[in-house]
1. Six or more apart or on different chains, Cβ under 6 Å: which pairs go from a residue in the stretch 123-145 that's over 17 Å from A157 (Cβ atoms) to one that's part of a loop (DSSP other than H, G, I, E, B) and among the hydroxyl-bearing types (S, T, Y)? Could you list them?
2. Hey, among F36, F94, F50, which residue is within 19 Å of L193 (Cβ to Cβ) and aromatic (F, W, Y)?
3. Which condition does T169 not pass, out of (1) at pLDDT below 95; (2) surrounded by 14 or more Cβ atoms within 10 Å (Cβ to Cβ), if it passes all the others?
4. Exactly one of these conditions fails for S107: (1) touching a Phe, Trp or Tyr at 6+ places or on another chain (Cβ under 9 Å); (2) small (G, A, S); (3) under 21 Å from S32 (Cα atoms). Give me its number.
5. Taking the stretch 62-84, which residues are in a loop (DSSP other than H, G, I, E, B) and either among the charged types (D, E, K, R) or more than 20 Å from R39 (Cα to Cα) (or both)?
Amino acid sequence: MLRAHKLTLAIAMLIGTSVAQAATFEIDPVHSTVQFSVRHMMVSNVKGTFDKVGGTLNLDEADPSKSTLEATIDVNSINTREPKRDGHLKSPDFFDVAQYPTITFKSKRAAKTADGKYQVTGDLTIHGVTKEVVLDVDGSPKSVTDPMGNIRLGGSAHTKINRKDFGITWSKNLDGGGVMVGDDVDITIEVELVKKKAA
């Protein structure tokens, strides 16, 4: 009985340690941006942003590679600094926001590649299609405290996707060859997170 009691106590202590090392951070939408870049008419890159992003990071402070992230982007917040183009991107030709108002990412695993650098693999859902992507993440698990007493983390992530993989196929052929809209989309995420306060 004494041995069983010691085993139970040891398990409880391990669980307690694990809980103590876990922390929940929420994306601060005011200080976070999702930027994309796509080739236009084979001569330049057009850049835009999604200005509304939210989500949660469950951080394993002992081993950040075991952390999990879920994020949601409001597609209606797309901004390329040209209202007519934004309207076209929201239409059924592209994102079709009436049917698919959000883009989501849910991590599945992470691997540390260097100090402060990770590869985060997860499911990206755009236009109702889910594909596995890898984010190259540059960030530190070390936090800072802002003047209001909030604990914050930050980082950057980058990936490249083919928009046609997600069913976004609209384009036009150019008379001299090539296409109006490129297939490859570079995505850069700048994110700031705030530690969720205990209830």
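The values are calculated or read from the model by the stated rules, or taken from the named source; none is laboratory data. Only a predicted model underlies this, so the values are computations on that prediction, with no experimental measurement involved. Cβ coordinates were reconstructed from backbone atoms using ideal geometry, including for glycine residues, and neighbour counts include every protein chain displayed.
1. H127/Y100; G128/Y100
2. Sole residue among the options that is within 19 Å of L193 (Cβ to Cβ) and aromatic (F, W, Y): F50.
3. (2)
4. The failed condition is (1).
5. Those that are in a loop (DSSP other than H, G, I, E, B) and either among the charged types (D, E, K, R) or more than 20 Å from R39 (Cα to Cα) (or both): A62, D63, S67, R81, E82.
Okay, residues lined up against (1) surrounded by 14 or more Cβ atoms within 10 Å (Cβ to Cβ); (2) part of a strand (DSSP E or B):
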| site | (1), (2) |
| --- | --- |
| D86 | yes, no |
| D93 | no, no |
| A98 | no, no |
| A111 | no, yes |
| Y118 | yes, yes |
| T125 | yes, yes |
| V133 | yes, yes |
| V137 | yes, yes |
